[in-house]
1. Between residue 294 and residues 5 or more places away or on another chain, which pairs have amide H atoms under 5 Å apart, with H built 1.01 Å from N, and which residues are they?
2. Can you tell me how much longer the chain between residue 90 and residue 71 gets when fully stretched, taken as 0.36 nm per residue apart minus their C-alpha distance, in nm with one decimal?
3. When the helices in the chain are scored as -39500 (n - 2.57) per DSSP H run of 4 or longer and the sum is shared across all residues, what 222 nm value do you end up with, to the nearest 500 deg cm²/dmol?
4. Cα-based Rg of the stretch 102-184 per 2.2 N^0.38 Å, rounded to two decimals?
5. I need the fraction of alpha carbon pairs in the stretch 195-250 separated by more than 14 Å, rounded to a whole percent.
6. Just to be sure I understand the curve: with the Debye formula and one point per C-alpha of the stretch 246-300, what is log10 I(q)/I(0) at q = 0.17 Å⁻¹?
7. Would you work out the relative contact order for the stretch 1-193, in percent, from Cα pairs under 8 angstrom that are 6 or more residues apart?
8. In degrees from 0 to 90, rounded to the nearest 10, what is the angle of the helix 132-157 Cα long axis to the longest principal axis of the chain?
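A short reminder: the numbers here are calculations on the coordinates, not readings from a lab. Source: prediction; values computed, not measured. Note that we place each Cβ from the backbone using ideal geometry, even for glycine, and neighbour counts take in every protein chain shown.
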Amino acid sequence: MKKNKINVKAVMAILLFGGFLSLFNETILNVALSKLMAEMGVTATTIQWLSTGYVLIVAIMVPTSAFLINTFTTKNLYLGAMTFFFAGTILAVFAINFPMLLAARMVQAIGTGLLAPIMINSALAINPREKHGFVMGLCTCVVLVGPSLGPIVSGIVLQFFSWRSLFIMLIPLTLLCIGGGAVYLTETVELTKPKIDYLSILLSSIGFALIVYGMSIIGSATSIINIAIFVAGILSLAFFCKRQLSLKQPMLDIRAFRKPYFALGAILVIIMQMVQFSMNIVLPMLFENGLNLSSLSSALILFPAVLICSIMTTVSGKIYDKIGGKSIIPLGLLIMFIFLLVLSRIQPSTSIIAIAIINTLVYLGISLAWSPDQSNALKQLEAENQTHGVAIINTFIQLGSALGTPLFVGLMTTGQNNYLKYAASPNEPGTKLHSLYNGFSHSITVAAIIIAIAFIFSLTLRIKLKNHK
């Protein structure tokens, strides 16, 4: 592969925009669910499948991405993923009922599950190693900003048009990606053509799907059913891991975890994703249920944090390229811990502006640690194992999203119910408001403790990096 024949700027633009579009689409229906419930005559539990089904398919596709990237050229795989995304978008525009719309979202998700790994692997492959921190900063900016912008843009669009317009606006943008990919993309990753192992694909798909599904139905199913689903998912993944270790060409090379600081980096990714993804759910719950704000207003209040994060992820990537991760990763986690602790102490009297500023400072910490952590984890691996490392990191991001939401929303609900249980007048509006803030405090305090533990573990990076630049 001759890199001098690659138009790096054009390829980067196509990869980043395609990745952004797919992740932006992931949350585009969040503020339209109520309207869809009424129009399609389904319950809240049923309509949530538009999100749950989407995440399930993404969770299935991401672990297979390493195999597919090593089997098909970047152009063919990118165009194939964008074609699935485009087909799902067209199907959604013409959906006349809930099953058809759900099917459309799941077809879109096939493309989404591949586009982020393609983006990261190809971006790293066409740029020199000394720029990998900055490149990962750009990629992680897309991963963080795309889903955060979805509700804001869709909230504005839905003020004037129907939910179908959300998918109509994606059509020309998707065609632009397909056209650009056809013209500029070429082979960026050396193909090894691994032998396909259908049993590995089956075990991986069942395992990740059951775990993600199990997390999504916590609170809406009996404990026995939840436990059974988790046990089945864990057993499937255990057999998957055992099989990978016995194959000469594994679908996903989990031997990467033998590198202690790759394993640490992957764990830090899942912890940070649990917290940052859940913040976009529990804070709007506080705004909407406690302050009676609209979904759009809540999203706009959170936007400054997204803006700061998008700028600082690229800055932190450049800092990583210069000084490594031994200082910036712990610093980011420390900032997260401090301001999560501050956020956990807010009261009904705390102004919205103060909450927005504190949340922005939490995201400053996230942006300092997020990209350098992933860069540092992937740096531990040989070049030929990068595709597997990226697949593992992206799988952990999906698991972080799936684990964090029920954990922190559940903690918030528990704290709220416990407050009402011992309140003298549980039905008073003021009491209910204080119970909501008590639940929020309970949830964010636990988040701060988890990040504090992550900070302590991140200090061990200083030991490892004595032998690095």
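1. none
2. Contour length minus the Cα-Cα distance gives 4.0 nm.
3. Here the helix-only value at 222 nm equals -27000 deg cm²/dmol.
4. Numbers: Rg = 15.5 Å, N = 83, 2.2 N^0.38 = 11.8 Å.
Scaled against compact globular proteins, the figure is 1.31.
5. Details: 835 of 1540 pairs.
For the stretch 195-250, the share of Cα pairs beyond 14 Å comes to 54 percent.
6. Here log10 of I(q) over I(0) equals -0.66.
7. Averaging sequence separation for qualifying contacts and normalising by length gives 42 percent for the stretch 1-193.
8. Taking Cα atoms only, the helix is inclined about 40 degrees.
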